[in-house]
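Just below is one structure, and these are the notes that go with it.
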Amino acid sequence: MGSKSSIVFPTFIFIFIVIAQAEVFDITKFGAKPDAEISKLPLNYHGSSMGFLFQALCDAWSAACSATTPSKLLIPSGTFCLNVVEFKGPCKAPITVKIDGTLKGPEDPAVIPKGVQWITFSYVSALTITDSKMFHVNVMSCKNVTFDNFHICAPSESPNTDGIHLGWSKQITIKNSVIQTGDDCISIGDGCEELHIEGVKCGPGHGISVGSLGKNSGEKPVIGVYVVNCTFNQTMNGVRIKTWPDSHQGEVADLHFENLCMNQVENPIIKPSLVKVHDIFIKNVTGTATLPAVVNLKCSTANNGCENVKISDINLTYEGKEGPAFQECCNVKPVYSGKMIPPACSTADE
Ligand SMILES: *[C@@H]1O[C@H](CO)[C@@H](O)[C@H](O)[C@H]1NC(C)=O
Ligand SMILES: *[C@@H]1O[C@H](CO)[C@@H](O)[C@H](O)[C@H]1NC(C)=O
Ligand SMILES: *[C@@H]1O[C@H](CO)[C@@H](O)[C@H](O)[C@H]1NC(C)=O
Ligand SMILES: *[C@@H]1O[C@H](CO)[C@@H](O)[C@H](O)[C@H]1NC(C)=O
Ligand SMILES: *[C@@H]1O[C@H](CO)[C@@H](O)[C@H](O)[C@H]1NC(C)=O
């Protein structure tokens, strides 16, 4: 008995240590070189720096993804250039991607094929991306992914480049992050559930969008989106739901927009919609707008309009010449509470 327990005890300690330390996969150990080193190579190598990094990233990702204990993919300090890459799961254990360096997108965004994001994560669950400076990210068919302290900085004139695009994904958290881009800061495609967007600073850009939805038949609903404690600075929109005019059926429900601060936003809240939209909660949205229609709820006559919309504590001011500010409603009867600046839609508008 005594000798048996003395064997069991050290075995337990050993296992504990293995689990507690994530194995680190550093891309430079897989052959990636930062630009500074690449440029020291003879000229003929210089042009292939993207190829080096692409292969190194793929190799490091495969190694991390097949690890059976939690692992960390590390991009150390330095600047690394990269075209398009996809990190594909499923993986065997949780992964953290940590980017101490800078991943630089192509100088000419036209080299990224239309409809493709710069970096894509697909079929991955239990992924954390932390302290990263990136360009554009696509999250497809993923589950339990956290972006923490994530910084996206793309030129505001870059066309059709969403900061983070989410599709067919569940339990995604984006927090404490700054997103500056030419299109949507965050765009939420069909089939997304349980999204938490907290403490995100968005702008310049087009704001946070659900959609475009209703483009294709058989789209899955978007259910459960929390946008909380976010600020929008000089964005075209704050939060909006986008649908195609002659849209297919679809559903958007259980959206919460809470504690949002707008600084010179063109359209702080808009939802023009032909897709079934219900259970929308808007609470404590303050700040300034550059157009007078500060809350714009345009629902279609289809599906009884938008149902169960609750709005409370709005203080949005417009200082331009087209004033005064107003709220606009169509086929929706919101339930209002708290302070309401500008005043709620009158029943005549509904
Ligand atoms: C989410 O992923 C983390 C690791 O990133 C893991 O610890 C946690 O258990 C996962 N949660 C669920 C609900 O799968
Ligand atoms: C939002 O901010 C409030 C006040 O600072 C804080 O109490 C709350 O926990 C935050 N919520 C989220 C989801 O970050
Ligand atoms: C808003 O963005 C402008 C530039 O686009 C910047 O000068 C200003 O400091 C930002 N304001 C806040 C509150 O972040
Ligand atoms: C309303 O939101 C602002 C941020 O925009 C926050 O500072 C404030 O604490 C919130 N108020 C309440 C009552 O939660
Ligand atoms: C509304 O916000 C403005 C500043 O944007 C502030 O001066 C005013 O006191 C606020 N009104 C209320 C009722 O909170």
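The values are calculated or read from the model by the stated rules, or taken from the named source; none is laboratory data. A quick note: this is a predicted structure, and the numbers were derived from the prediction, not measured. Cβ coordinates were reconstructed from backbone atoms using ideal geometry, including for glycine residues, and neighbour counts include every protein chain displayed.
Observations on the structure shown:
- Residue 170 vs. criteria touching a residue at least 24 places away in the same chain (Cβ under 8 Å), away from ligand 1 (no atom under 16 Å from the Cβ), in contact with a strand residue (DSSP E or B) (Cβ under 9 Å, 6 or more places away or on another chain) and not acidic (Asp, Glu): no
- With respect to (1) surrounded by 19 or more Cβ atoms within 10 Å (Cβ to Cβ); (2) at pLDDT 90 or above, the lone exception for residue 308 is condition (1).
- Filter result (of a type in the set (Gly, Ala, Ser) and at pLDDT 90 or above) within region 288-305: 289
- Only one of the listed residues (219, 193) is surrounded by 17 or more Cβ atoms within 10 Å (Cβ to Cβ), more than 12 Å from the chain's Cα centre (by Cα) and within 16 Å of ligand 1 (Cβ to nearest atom). That residue is 193.
- Hits in region 203-216 - residues which are under 14 Å from residue 244 (Cβ atoms) and under 17 Å from the mean Cα position of the chain (by Cα): 209, 210, 211, 212, 213
- Residue within region 201-216 that is touching a helix residue (DSSP H, G or I) at 6+ places or on another chain (Cβ under 8 Å) and part of a loop (DSSP other than H, G, I, E, B) present: no
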